[in-house]
1. For the range 93-118, enumerate the residues that are open to solvent by less than 40 Å² (accessible area, probe 1.4 Å) and either in contact (Cβ under 8 Å) with a residue 12 or more places away in the chain or on the phi > 0 side of the Ramachandran plot (or both).
2. For the range 127-141, which positions are over 20 Å from Pro171 (Cβ atoms) and buried (at least 16 other Cβ atoms within 10 Å of the Cβ)?
3. Given the residues Leu236, Leu243, Leu227, Leu218, which is the only one that is at pLDDT below 95 and either charged (D, E, K, R) or farther than 22 Å from Ser127 by Cα (or both)?
4. Hey, does the range 142-157 have a residue that's open to solvent by less than 10 Å² (accessible area, probe 1.4 Å), more than 26 Å from Ser71 (Cα to Cα) and out of contact with any His (no Cβ under 7 Å at 6 or more places or on another chain)?
5. When you scan the range 190-214, how many residues do you find that are part of a helix (DSSP H, G or I) and surrounded by 17 or more Cβ atoms within 10 Å (Cβ to Cβ)?
6. Using beta carbons and a limit of 6 Å, which pairs, at least six apart or on different chains, have the first residue in the range 160-177 and in contact (Cβ under 8 Å) with a residue 40 or more places away in the chain and the second one crowded, with 21+ Cβ neighbours inside 10 Å and part of a loop (DSSP other than H, G, I, E, B)?
Amino acid sequence: MATSNINVKISATDNATAQVTAVSNSISALNVKILNMAQGLQVFNLGWELLGQKLKNFATAGIGANAVLESLQTKLTGLISANSANVTSTGEIINAQQKWQLSSEVASEALERLKSIATATGNQISSTTDAFTMFYATANDQGSATDALDAFNAIALAAQVAGKDMASLVPMFDSLATGTVLAGSEMGSFMKIVGLTNEELKLANQNGTLFATLQQRLAEFGSVASLSAGTYEMELNKLKSTLTSLGSEASKPVFDSLKN
């Protein structure tokens with residue numbers, strides 16, 4: 001009888017131990033799951049914070065790009081307005097407000113063209129526009145803004161072939177338009193590479209054919225420029241320019257809302 005009691009007690013003890021062990025294992029497994037979940041949440045939160053920061057940086061850069069474009073648009077509008085007549089092609093006399101509006105429309109088209117030129121040549125839109133305004137401000141009597149853009153595009157492609165950064169040429173675009181380039185300057189180096197001389201630029205300026213002369217003399221560099229289009233540095237510059245353009249387009253609604 002005693003032996004039977006002992007067996008019952010041992011059996012009960014074993015069952016209790018097994019249950020405790022099972023509970024302990026379940027708790028341990030639950031702790032592991034909770035720990036894994038907590039770590040997963042930490043990683044998620046970190047990823048979310050990083051994504052939020054990236055989006056914030058993207059939006060900030062885009063808003064900044066739009067501010068630059070707006071400033072460039074105003075600069076171009078002022079330049080075109082200052083060099084436009086108060087009479088339309090149909091003979092209609094316009095006031096200052098109408099003139100500014102028409103100039104703004106021309107400037108918008110010009111800015112889109114300059115953005116394309118900047119992307120194609122791997123330059124920043126700001127330095128590209130600064131170069132054009134310097135060029136057109138000096139040579140506006142040579143033709144329309146569209147003619148000036150065609151000539152400027154030829155210059156930009158030739159500068160790409162010559163390995164000249166647009167920003168380094170900006171201060172000397174006025175001297176290019178008048179044929180007074182210093183031989184030892186960056187623009188002088190550029191002219192030597194592409195075969196331009198001060199004498200022919202001065203003559204073209206006097207004859208009112210500067211834009212046409214530049215397009216004709218630099219035409220061959222347009223095809224040569226395509227040969228360097230696939231280089232790593234050029235593609236990287238184009239990518240940066242494209243990303244800047246995409247950022248400005250994506251954040252334009254936000255930029256416009258901030259002004260209202």
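The values are calculated or read from the model by the stated rules, or taken from the named source; none is laboratory data. Please read all numbers here as calculations on a predicted model, not as lab measurements. Here the Cβ positions follow ideal geometry from the backbone for every residue, glycine too, while neighbour counts run over all protein chains shown. With ligands, DNA and RNA removed, areas are computed over all heavy atoms of the protein, side chains included. Shrake-Rupley method; radii C 1.70, N 1.55, O 1.52, S 1.80 Å.
1. Matches in the range 93-118: Lys99, Ser103, Ser104, Ala107, Ala110, Leu111, Leu114, Lys115, Ile117, Ala118.
2. Once the filter is applied, which keeps residues that are over 20 Å from Pro171 (Cβ atoms) and buried (at least 16 other Cβ atoms within 10 Å of the Cβ), the range 127-141 yields nothing.
3. Leu227
4. Scanning the range 142-157 turns up no residue that is open to solvent by less than 10 Å² (accessible area, probe 1.4 Å), more than 26 Å from Ser71 (Cα to Cα) and out of contact with any His (no Cβ under 7 Å at 6 or more places or on another chain).
5. 11
6. So the pair list comes out as Met166/Asn123.
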